[in-house]
Amino acid sequence: MDKEQIKKIIDSMPDYDESREDTLFSMVGQLYSKRMLPNLIVHVAYSLPFIALTVFCGIKFFYTDQIQFQLMHAALFGCGVQGIIFSKVKYWQMLHKHNLSREIKRLELRIAELGEAVKSK
């Protein structure tokens, strides 16, 4: 196949469809769909102990007069915040995994269409 045939095939392909592009708003909307409900339940169950630890240590920090206990509550507060952040990042990565597999399927279809276009010409 020469350069002219390749250029003709590329030029004859339909333009990029922006409606198929995933926006941040659509990705966040997918987080709370019925299909993602089990993942959401696991995420909330994993986050609740860290949220409880963070709130408990934040309150106890201000009611404690001893420096030793204030340092302990501050350190546990930091660990709780890190646990919450880890949970959010893990859930965000689950979202990207689904979007990535969908995009791979789209690319496979485009390659198949291009292969058919090459065979027919």
Query raised in the report: Given Tyr91, Ala112, Ala75, which one lies farthest toward the positive end of the charge dipole of the range 36-120, if we put +1 on the Cβ of every Lys and Arg and -1 on the Cβ of every Asp and Glu?
Result: Ala112
Requested in this report: Report ³J(HN,Hα) in whole Hz for each residue of the range 106-114, in order, from the Karplus equation J = 6.51 cos²θ - 1.76 cosθ + 1.60 where θ = phi - 60°; Gly and Pro get x.
Outcome: 4, 5, 4, 5, 5, 5, 5, 4, 5
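How far, in nm, would the chain grow between Gln82 and His98 when pulled straight, counting 0.36 nm per residue and subtracting the alpha carbon separation?
Values: separation 16, 0.36 × 16 = 5.76 nm, distance 2.48 nm.
Extra length from Gln82 to His98 when fully extended: 3.3 nm.
Let's test the formula: R0 of 35 Å, r as the Cβ-Cβ distance of Leu107 and Ala75. What FRET efficiency results, to the nearest 0.05? Walk me through the intermediate numbers first.
Values: r = 47 Å, r/R0 = 1.34.
Once rounded, the FRET efficiency stands at 0.15.
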**Report entry** Long-range lysine pairs (8 or more apart or interchain), the range 36-120, Cα under 29 Å
**Finding:** 7
Requested in this report: In nm, give the distance between the simple-model label positions of Asn39 and Phe56, each being 7 Å from the Cα along the Cα-to-Cβ direction.
Outcome: 3.0 nm
Report summary line: The base-10 log of I(q)/I(0) that the Debye equation returns for the range 36-120 at q = 0.19, 0.21 Å⁻¹, one scatterer per C-alpha, is -0.85, -0.92
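Every number in this text was worked out from the coordinates using simple rules, so none of it is lab data. Small disclaimer: the values here were computed from a predicted structure and weren't measured. For neighbour counting, all protein chains shown are included, and Cβ atoms are generated from backbone atoms with ideal geometry for every residue, glycine included.
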